[in-house]
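The block underneath contains the structure these notes are about, expressed in structure tokens.
The values are calculated or read from the model by the stated rules, or taken from the named source; none is laboratory data. Keep in mind that what you see is a predicted model, and the values were worked out from it rather than measured. Methodologically, a virtual Cβ is constructed for each residue, glycine included, from the backbone with ideal geometry; neighbour enumeration extends over all protein chains shown.
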């Protein structure tokens, strides 16, 4: 599937932000450790969520969206500890291992050489899990999970989630140090505590998480927090097209590092309430150049840097964007094909502005990179065709429809 975009149409109107994909996935995994029903609201209907639902169903768990938008999950039919073959293509499927061990004492995870689980395996071993590599799968086994002190050398979102989900039913009290501070981790903690868990961040150090193991977890009714990528994506689309939009159902407290960059660059915005903001561009004024360094929360999010990099092509001067962890800048090669002037550095890029982008035929291999090319195409002169565009649907909900409602000229073609 491909997107065909006609650029230079300023966006206007209102867009509603969906629930956080990263939050929904880990809370879906928590269904394995629950003895009751889960009723989840504001669940984004994106490809990764549907894959997790299919994964749950393959284990005997029922999961269905109801007419009121609620995702209802019942784990009473859980009957397997073996994750299906397709889970090898889902890196975050590792989050099911700890819960399955808590329920069965065993778990089987298909291997995929693309992914390294060393950090997650270290967490599981510290909790008393034995791990064996047999053929094309990993086999996990333990008589009972036991509490542990888990220390991460560097901040890890998935590692922290895995440590929480694996220790929540362990015997004793676990301590997780240098834990990730992302809002989605807190949403997982909130959901588990509603189910009967005893988890909290230490008063003196919020990067230390204390987990007191419990015997069982019950039912849950929970609303997923707003996504953090969507508001930055739509704000970037509006600014790059010289548009003016209102963004609703977001949490501005989770976006402070992005909002501070908007201020520095001279972008126009108004925080109407903690859940609503207006953002607009003045076509007469160029953005100020800015240096961006990706850092763990509350720093600048890795998924945001492709969007801000597009905006920096309209800045009057040189900007440097660095990412020492993911170093994900393949999209910038496509921006250069569109007329940008970007130089590649060891762990980042240098963007020379201002430049005017023009439409081309382009593509990318990751959802966020495709989204960055959408931003570029909306502000570029002429027609842009983005191949492999369907992968954007794995992480962002109803992108084409939301953009069309804002006045974008974007069509989907087979």
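Quick look at the values:
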item: The lone exception for residue 234 - which of (1) over 21 Å from the mean Cα position of the chain (by Cα); (2) crowded, with 20+ Cβ neighbours inside 10 Å it fails; result: (1)
item: Residue 330 being under 30 Å from residue 23 (Cβ atoms) and either touching a residue at least 40 places away in the same chain (Cβ under 8 Å) or surrounded by 15 or more Cβ atoms within 10 Å (Cβ to Cβ) (or both); result: no
item: Check on residue 114, farther than 22 Å from residue 187 by Cβ and part of a helix (DSSP H, G or I); result: no
item: Conditions (1) surrounded by 24 or more Cβ atoms within 10 Å (Cβ to Cβ); (2) touching a residue at least 60 places away in the same chain (Cβ under 8 Å); (3) within 25 Å of residue 70 (Cβ to Cβ); number of the one not met by residue 162; result: (3)
item: Selection count where residues are closer than 26 Å to residue 283 by Cβ and surrounded by fewer than 16 Cβ atoms within 10 Å (Cβ to Cβ), scope the range 359-406; result: 5
item: Residue in the range 62-83 that is within 17 Å of the chain's Cα centre (by Cα) and not assigned by TED's automatic domain parsing to the domain that holds residue 279 present; result: no
item: Residues satisfying the stated conditions in the range 388-401, i.e. part of a helix (DSSP H, G or I) and in contact (Cβ under 8 Å) with a residue 24 or more places away in the chain; result: 389, 390, 391, 392, 393, 394, 399, 400
item: Out of 245, 209, sole residue that is on the phi < 0 side of the Ramachandran plot, crowded, with 19+ Cβ neighbours inside 10 Å and not assigned by TED's automatic domain parsing to the domain that holds residue 157; result: 245
item: Total residues in the range 236-265, condition free of Cβ contacts under 8 Å to residues at least 40 places away in the same chain and touching a strand residue (DSSP E or B) at 6+ places or on another chain (Cβ under 6 Å); result: 2
item: Segments classed as helices (runs of 4 or more DSSP H), wholly inside the range 300-387, with at least 1 members that are assigned by TED's automatic domain parsing to the domain that holds residue 285 and more than 22 Å from residue 1 (Cα to Cα); result: 305-311, 331-337
item: Top-ranked residue of the range 170-187 - restricted to ones that are assigned to a loop (DSSP other than H, G, I, E, B) and without any contact (Cβ under 8 Å) to a residue 40 or more places away in the chain, ranked as surrounded by the most Cβ atoms within 10 Å (Cβ to Cβ); result: 179
item: Matching residues, the range 271-295, being surrounded by 18 or more Cβ atoms within 10 Å (Cβ to Cβ) and in a loop (DSSP other than H, G, I, E, B); result: 281, 289, 290
item: Any strands (runs of 3 or more DSSP E) falling wholly within the range 188-231 and containing at least 1 residues that are at pLDDT 95 or above and over 24 Å from the mean Cα position of the chain (by Cα); result: 198-201, 209-212
item: Qualifying residue in the range 55-74 (condition: under 30 Å from residue 283 (Cα atoms) and surrounded by fewer than 18 Cβ atoms within 10 Å (Cβ to Cβ)); result: no
item: Residue count, the range 143-155 (criterion: surrounded by 19 or more Cβ atoms within 10 Å (Cβ to Cβ) and part of a loop (DSSP other than H, G, I, E, B)); result: 2
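A quick yes/no check of all residues on (1) assigned to a helix (DSSP H, G or I); (2) in contact with a strand residue (DSSP E or B) (Cβ under 7 Å, 6 or more places away or on another chain); (3) in the same structural domain as residue 297 (by TED's automatic domain parsing):
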position	(1), (2), (3)
38	no, yes, no
54	yes, no, no
57	yes, yes, no
96	yes, no, no
100	yes, yes, no
